[in-house]
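S.K.: Mind looking over this structure? Questions follow.
The values are calculated or read from the model by the stated rules, or taken from the named source; none is laboratory data. Not measured: the values here are computed from a predicted model. Virtual Cβ from ideal backbone geometry, glycine too; neighbours counted across all protein chains shown.
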Amino acid sequence: MARQVRHYCAMAGPIATARIDTPIGLVTLSADDQWLTRLRIHLEPSGASDALRHPVLANAMMQLRDWFDGSRTDFDLPLEKPDTAEGQNLRTGIAAIPYGETRTYGAVAAETGSVARAVGQACKTNAFPIIIPCHRVTSASGPAYYSAGDGARTKGWLIDFEHAHLATDQRTRLL
C-alpha cells in the first residue's frame, strides 16, 4: 500500500525547496526561478504539509505525484543543465530508456558513444533520480547498485513499480 503523498515548500534565498513523502521515502526538490536544480531521495518521511507557491516546484511535485500514482510515465520539467556536453549526452541517453524497461551500462554507453564507466558516473552523480531514470540502468548481472534512497532496494522498488504499471501486453519479464 502506497503512503499518502504530502508536501511542503520553503524559500531560502534564490533557491526554493519542497519535500514530498513518497512510497520510497522523503523526496526533496530544489529549484531556482527557472530550473529544477536537484532531487534527493531520503529514507525518512517528513510528515510536513504546506501550500506550494513556487511554479517550478509546484509543477515538479504535480508530475511526481502523477508518476507515483501510476498515471505518468515521463517528465516534462525545466532541469538545470549539466556542466558538460558529455554530461548532457549521457543524461539524454539515460532519459531515453522507456518506462518499465532497463538497459545495461554498456548498452547505454554504446547508444551514446561513451563508455560504461562514464555512464555509471553519470548515474552516480545524477541530480534528478526518477526524473532522469538512472534506476533503469543496471549492470549486466542486474540492479545491484543505486546511489539514491536505500540503494539497491530503492532501485528494485522503482523498477518493479514501473513494471507493475505497464499495460499487461508490455510486461516482458517474470516478476
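S.K.: So, in the range 45-72, exactly how many residues are modelled with pLDDT of 95 or more and either closer than 25 Å to residue 109 by Cα or touching a Lys or Arg at 6+ places or on another chain (Cβ under 8 Å) (or both)?
M.R.: Looking only at that region, the number is 2.
S.K.: Out of (1) surrounded by 14 or more Cβ atoms within 10 Å (Cβ to Cβ); (2) within 17 Å of residue 38 (Cα to Cα); (3) not acidic (Asp, Glu), the odd one out for residue 105 is which?
M.R.: (2)
S.K.: Just wondering, is there one or more residues in the range 59-71 that are surrounded by fewer than 19 Cβ atoms within 10 Å (Cβ to Cβ) and in contact with a Ser or Thr (Cβ under 7 Å, 6 or more places away or on another chain)?
M.R.: Within the range 59-71 (the criterion being surrounded by fewer than 19 Cβ atoms within 10 Å (Cβ to Cβ) and in contact with a Ser or Thr (Cβ under 7 Å, 6 or more places away or on another chain)), the answer is no, since none of the residues qualifies.
S.K.: Report, by residue number, each residue of the range 85-112 that is closer than 14 Å to residue 138 by Cβ, in a helix (DSSP H, G or I) and in contact with a strand residue (DSSP E or B) (Cβ under 8 Å, 6 or more places away or on another chain).
M.R.: 94, 105, 108, listed by residue number.
S.K.: Here is a check on your reading of the model: is residue 92 at pLDDT 95 or above, among the polar types (S, T, N, Q), more than 27 Å from residue 26 (Cβ to Cβ) and within 15 Å of the chain's Cα centre (by Cα)?
M.R.: yes
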